[in-house]
Amino acid sequence: MEDGKSHKKSAIRVNAGVEKPEAVNPLLQQKPDKFRKSHINPREYFKGIKTGDRALLSRAITLIESTLPEDRETAGELIRLCLPLSGKALRLGITGVPGVGKSTFIESFGLYLIEKGHRVAVLTIDPSSMRSRGSILGDKTRMEKLGINEQAFIRPSASAGTLGGVARKTREAMILCEAAGYDIVFVETVGVGQSETAVAQMVDFFLLLMLAGGGDELQGIKRGIIEMADLIIINKADGENKNKANLAKREYENALHLFPPIPNGWQPSVMTASALYGENLTLVWQQIEKFLRLTKGNGSFDENRKSQDYNLFEETIHQTIHDHFFRHPEIKKQLVKYKTQILNRQLSPYEASQKLLDFYFGLFS
Ligand code: GDP
């Protein structure tokens, strides 16, 4: 009691007070493995992906997009596990200028395919997201109805690095999606020229969406992209636009006849459609089925996949050697030296590159 009284008088009285809250979420302290992505092992990811856990699939794709060395290891193992389950999906590339209706089309066609019993994944390669933080595709709400459908999975473009890097990540994401049982994978890109070749290298069938314009239709999109298309769809063929769309269809048909035939025996065609009103989606699907019958029948479907695999092999080696060279600390130092000499015209670019390459190969001999 004596003590209590003296405490009451004291200016530095200690109150009973409340318990200090935990600085760290106690759940995290109890089960760190469950809450830290690096602690999910590849087998757990694989199990979740196979059972159709979309949240885990999403996290697994984030993992494969990571550049952290410890994540790369887990990602590599996960891809190895998923590979045997991949390859069975139909891979559809889709391109077209911004505003042509790609996301509207993927949404209505995707829902149409889901109704037919398919499961649909949508991956995106957005070259604009590699240069700046902004992106042509990413900053609007896209494919809302498809996004909430249980049978669909939508993943926006990876944004790190170069087109080659993003394309590689997209291929890996495709393997994961296929292992998750999505049997139709869309790879969408913006029809502005850089990324179509990369997409063509990873899909079975390439759709090009176009608009009926005034006269100069072929100017809007590069000839090379038209040549890559297995099917051209003149979108927005509805309302007052219908006649113009039919006219454009005939013009493109004429233009296609001027291109050399494709070795797989497929004759690309043109059709009109309305993504907004879901018109002609059946015709589009019939055309794709016809393509599959032809190319699976004559073996070119498989040949195409094989040559894509071989290209991927060469490209991976190319990229790995490139990265090894430019990330090597000794090379980095020498690059600075040679850059100065080249800019000062003390050394020609040929001499400089030869010297540096000799130095590089000398490191291993
Ligand atoms: P993206 O940039 O290629 O993905 O194009 P969007 O799908 O976002 O479509 C751009 C605009 O065109 C949107 O306002 C859509 O509603 C509209 N749109 C898309 N498809 C059609 C169509 O078939 N008919 C009409 N009338 N409008 C469409």
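Just so you know, all these numbers are worked out from the coordinates, no wet-lab data involved. As the structure is a prediction and not an experimental result, all values here were calculated from the model. Every residue, glycine as well, gets a Cβ built from its backbone with ideal geometry; the counts of neighbours run over all protein chains shown.
Just a few scattered comments:
- Peptides 262-272, 112-122, 302-312 ranked from most to least packed give 112-122, 262-272, 302-312, packing being the mean of other C-beta atoms within 10 angstrom over each peptide's residues.
- Debye equation applied to the C-alpha atoms of segment 313-362, log10 I(q)/I(0) at 0.19, 0.22, 0.23 Å⁻¹: -0.66, -0.81, -0.86
- In segment 86-298, the DSSP beta bridges split such that about 5 percent are antiparallel, to the nearest 5.
- Legend: distances between Cα atoms for Lys47/Lys290; Lys102/Lys169; Lys116/Lys236; Lys169/Lys249; Lys102/Lys222; Lys145/Lys296; pairs beyond 28 Å are Lys47/Lys290; Lys169/Lys249; Lys145/Lys296.
- Per-residue extension of 0.36 nm, minus the Cα-Cα distance of Lys242 and Lys50, leaves a gain of 64.7 nm for this segment.
- Per principal axis, descending, Cα span of segment 67-118 in whole Å: 40, 29, 14
- Where labels lie 7 Å past Cα in the beta-carbon direction, separation of Leu363 and Glu279 in nm: 6.1 nm
- Remark: segment 163-320 is approximated by an ellipsoid whose semi-axes, taken from the C-alpha gyration tensor as √(5λ), come to 29, 17, 17 Å, largest first.
- Estimated FRET transfer efficiency when R0 is 22 angstrom, pair Lys290-Lys116 (beta carbons, to 0.05): 0.90
- Segment 37-85 - Debye-derived log10 I(q)/I(0), Cα point model, q = 0.15, 0.25 Å⁻¹: -0.31, -0.89
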